[in-house]
Each structure stands twice: as C-alpha cells, then as structure tokens.
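**Q** Here it is: the structure, laid out below.
The values are calculated or read from the model by the stated rules, or taken from the named source; none is laboratory data. Source: prediction; values computed, not measured. Backbone-built Cβ (ideal geometry, glycine too); neighbour counts: all protein chains shown. We work out accessible area using only protein heavy atoms, side chains counted, and drop any ligands, DNA or RNA first. Shrake-Rupley method; radii C 1.70, N 1.55, O 1.52, S 1.80 Å.
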Amino acid sequence: MKRWLKNTLISVACLIPLGFVVGFSTNWSNKTTITSVGSSGVKPFVEELSKEYLKDHKSIDITVDAGGSGFGIDQVADGFTNIGNASKNPFDSVNDEKNELKQKWTDRNIKTYTVAWEAICLVYIPPKNSSITDDMLFSPDNNSSMLSVSPDTIKKLYQAFSGFSDDDYQNSYPTLGDFASSYIDPSIKTALSNTRMIPYVRTGGSLTSGTAASFYEYFRFQSFDSKTLSDRTQNAFKVGNYGSNWKLVQTDEANSRAWDMFSKSNTPGSVVYLSSGFIAQNEDLIRKNHYGIFGYKKDSTTPTYSYTVDNMQNSLYNWCRPLNLMTSLDNDEGQIAFIQDYLLNDDKTKEIWKTMGAAVLSEQQKNSMKLNDNYAISDYELMKSRSGDNAKVFGAIYA
C-alpha cells in the first residue's frame with residue numbers, strides 16, 4: 001500500500017510541472033505574431049505605433065525589421081512576411097519585366113495601404129563662418145532659411161545631384177552659393193559661393209530607394225517640367241547612373257546609412273536628401289552639429305516656406321513620399337485590422353504621426369484606396385477602376 005501511494009505521489013509530482021509546461025505552451029502557441037519588414041524609413045513609425053495597439057491586443061505580437069523598400073516588396077510577394085513596408089509606390093518595381101513580381105502580386109491578392117506621408121528635406125553642412133547663426137540653419141518655424149530652392153534654382157539642384165553639367169552650369173562646379181537666400185549679407189554669400197557642393201546620392205536611384213524616388217519621380221514643382229532635364233540627368237535618378245563632372249558620394253538606400261556617411265565626413269558643402277520623419281527624430285543631433293536645412297520658395301518675391309511636411313504637401317510641392325504597407329488579402333493574421341482600423345482611422349494615431357514628422361491622409365486620399373466603400377480590394381482590382389496616371393499608383397493617390 002505504501003509503495004502504491006509513493007508511486008502515485010511521484011507520478012502526480014511529475015505531472016504537475018508537465019501540466020504547467022503544456023499550459024504555457026498552449027498559451028504561447030495561441031499568440032499571433034505579425035511580421036513587418038522593408039523600408040528603414042517606415043520601420044520606426046510601425047514600431048512606435050504598434051506599442052499602443054498591443055496594449056489593447058494582448059494576443060498579438062508585432063515584429064518589425066528593415067532591409068529597404070525593395071526588400072519589403074519582394075518579401076510580401078513571396079509570402080515571407082505579413083506586411084511589406086515601402087516608402088515608395090511599388091508599381092514600377094512590381095511591373096518590371098525583369099522579375100516575376102506581377103504574377104505573385106496578383107496570385108496573392110496584394111493590397112498596398114498608404115498610411116501617412118513624409119516630406120523630403122535637404123540637409124547641408126555650412127562653411128565655417130562666425131556670422132552664420134543657428135536661426136539661419138535650422139528654421140522650421142520662420143522664414144529665415146539661409147539656403148532655399150525656388151523655380152529659378154530647382155533645375156540646378158537636379159543637375160548637381162545627377163553629376164552632369166548641363167546648360168545651366170556650363171561645366172562649372174555647383175556651390176552652396178547657387179541657392180543662397182537674398183536676405184543674407186555679402187560676406188556670408190561669398191563664403192557660400194566659395195563652398196563647393198558635394199551631393200550625397202542613393203546607389204541604384206529610385207529603383208531601389210524610396211527617398212530617391214520621392215526626390216525626383218513624385219516631385220511636381222510649380223512652373224517646372226522635369227522633361228527640361230537632359231535624358232542622362234533623368235536617367236541618373238531613375239537607375240543611379242550618375243555622372244562624374246563633379247564629386248558625388250553614393251550611399252545605401254536607407255536614410256540612416258546616408259546620414260552616417262554624411263555626418264562622419266562632416267565636410268562643408270555636403271548636401272543630402274532625407275525624410276521629414278528622420279529629421280524630426282534626429283532634430284537634436286542636427287542642431288548640435290550646426291547643420292542647415294533648405295527652405296522652399298514659390299518665387300523670388302515670396303517668403304521662404306519651412307521644410308515641414310504640411311508645407312510640402314499642401315502648398316507648393318509634392319516633394320513627399322508615401323509610407324506604404326503591403327499585405328496579402330488572402331492571408332490575414334490580424335494585420336489588416338491593424339492597418340485599416342488603427343493606423344489609418346484611429347484618432348489616437350494622429351498625434352503620433354505628427355510628432356514623428358509625418359502627415360496623416362485626407363479623407364479624399366483614404367477614399368482613393370477604396371472601391372464601393374471597401375478597403376480590402378487588391379491593387380490590380382482597384383487599378384481597373386482608375387484612369388491615367390492614377391492607375392499606376394498602388395496605395396493612395398496623391399491629391
């Protein structure tokens with residue numbers, strides 16, 4: 001009897017921890033993990049916004065990783081991630097005849113959601129000059145930007161970043177002085193004119209980099225037609241085939257990688273294009289380093305507009321990039337509700353977008369992603385209801 005009781009107690013003692021293990025395993029296996037990979041520019045937004053979402057959705061985990069816009073497009077097309085992230089319109093990449101993405105896109109019923117917009121900003125390293133104040137360099141709330149882009153200088157800017165000396169430069173090296181604002185005193189203008197511009201460009205151009213695509217392809221400056229640029233200048237931005245008429249520095253596609261090379265060089269005259277989200281999240285570092293940000297002018301007589309995303313999106317420019325999340329409508333693990341209900345339509349997210357340097361979509365832009373008031377329509381199905389250039393947009397139409 002005693003032996004029987006002893007064996008029984010031992011068996012129960014062994015089963016108790018096993019029960020805990022089984023219970024824990026069952027609990028763990030019931031938790032859904034949503035994976036999100038792609039653009040390094042989209043990554044911090046999804047990470048930050050998911051924190052609040054997960055407080056009310058205890059059964060979900062969200063993991064976010066980078067790799068670039070092109071990587072996000074490939075991974076969602078191959079079914080290796082729940083959400084692919086891209087800071088560009090994926091249409092051209094998906095329809096490139098060199099790959100098989102178009103068939104995968106249609107087979108998996110992939111839908112692109114634009115969840116916010118970012119502006120593209122030009123950051124520069126000024127010459128060493130004691131007369132240059134912080135207000136001239138970093139002025140998001142006033143009109144005192146020392147350097148600015150206008151209809152008179154935008155063509156020069158693109159030629160400078162292409163690496164080719166077309167008609168405007170006549171083989172002369174671009175300088176910061178080419179973009180000097182009219183209010184600065186002569187000594188500062190002389191210093192700027194003596195500082196050669198060193199553009200930082202993305203290897204692979206707009207085919208790989210969402211920031212590069214937004215810097216050139218989506219740009220619609222009043223009174224400027226990109227067709228006035230030479231074919232070689234346009235091609236430089238599209239495929240990254242840059243010229244060598246002056247010094248250019250090529251970087252990886254990620255904003256963080258471009259910034260690392262730019263800031264480590266710390267060379268006066270260096271100019272790099274970055275997203276407004278990256279600027280907002282690194283504002284203290286930019287101020288500490290005494291770097292400047294270009295302003296934007298409508299014409300030679302109007303004040304300089306600051307670089308904020310609202311100014312860029314709602315007034316003179318379309319120098320913006322979409323924050324796109326792509327997912328299969330056939331394999332929903334909870335990511336569609338996360339995107340549609342929370343990222344796009346929850347009031348709690350609006351302030352977070354603004355704080356992080358992005359702009360929320362207008363109702364018109366949200367509606368452009370619907371068909372018969374339904375968001376869950378694949379890219380190619382939605383494209384059939386659009387016309388003209390709008391049919392070549394996966395995600396929200398810029399309007």
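**Q** Which numbered condition in (1) without any contact (Cβ under 8 Å) to a residue 24 or more places away in the chain; (2) under 27 Å from Thr355 (Cα atoms) is the only one that Asn89 fails?
**A** The single condition Asn89 does not satisfy is (1).
**Q** Looking for whichever is modelled with pLDDT of 90 or more and touching a His at 6+ places or on another chain (Cβ under 9 Å) here; the options are Ile188, Ile198, Ile125, Ile110. Which one fits?
**A** Ile125
**Q** Okay, moving on. Quick check on segment 185-203: of everything there that is touching a strand residue (DSSP E or B) at 6+ places or on another chain (Cβ under 9 Å) and either assigned to a loop (DSSP other than H, G, I, E, B) or free of Cβ contacts under 8 Å to residues at least 24 places away in the same chain (or both), which residue is farthest from Pro151 (Cα to Cα)?
**A** Result: Thr203.
**Q** Sticking with this one: Between residues in segment 214-240 that are under 14 Å from Pro151 (Cα atoms) and surrounded by 13 or more Cβ atoms within 10 Å (Cβ to Cβ) and residues that are among the hydrophobic types (A, V, I, L, M, F, W, C) and at pLDDT 70 or above, which pairs lie under 7 Å by C-beta distance while being six or more apart or on different chains?
**A** Qualifying pairs under 7 Å: Phe219/Trp319; Phe221/Ile154; Phe224/Ile154.
**Q** Moving on to the next point. If Leu157 satisfies all but one of (1) under 24 Å from the mean Cα position of the chain (by Cα); (2) under 18 Å from Gly269 (Cα atoms); (3) touching a residue at least 40 places away in the same chain (Cβ under 8 Å), what's the number of the condition it fails?
**A** Result: Leu157 fails condition (3) only.
**Q** Something else now. I'm trying to understand the selection: among the residues of segment 381-399, which are touching a residue at least 12 places away in the same chain (Cβ under 8 Å) and under 21 Å from Gly210 (Cβ atoms)?
**A** If the condition is that a residue be touching a residue at least 12 places away in the same chain (Cβ under 8 Å) and under 21 Å from Gly210 (Cβ atoms), then Leu382, Asn390, Lys392, Val393, Phe394, Gly395, Ala396, Ile397, Tyr398, Ala399 are the ones that fit.
**Q** Those residues that are open to solvent by less than 40 Å² (accessible area, probe 1.4 Å) and either assigned to a helix (DSSP H, G or I) or among the β-branched types (Val, Ile, Thr) (or both), I need them from segment 355-399; list them, please.
**A** Listed by number, the residues that qualify are Gln365, Lys366, Ile377, Asp379, Tyr380, Leu382, Ala391, Val393, Ile397.
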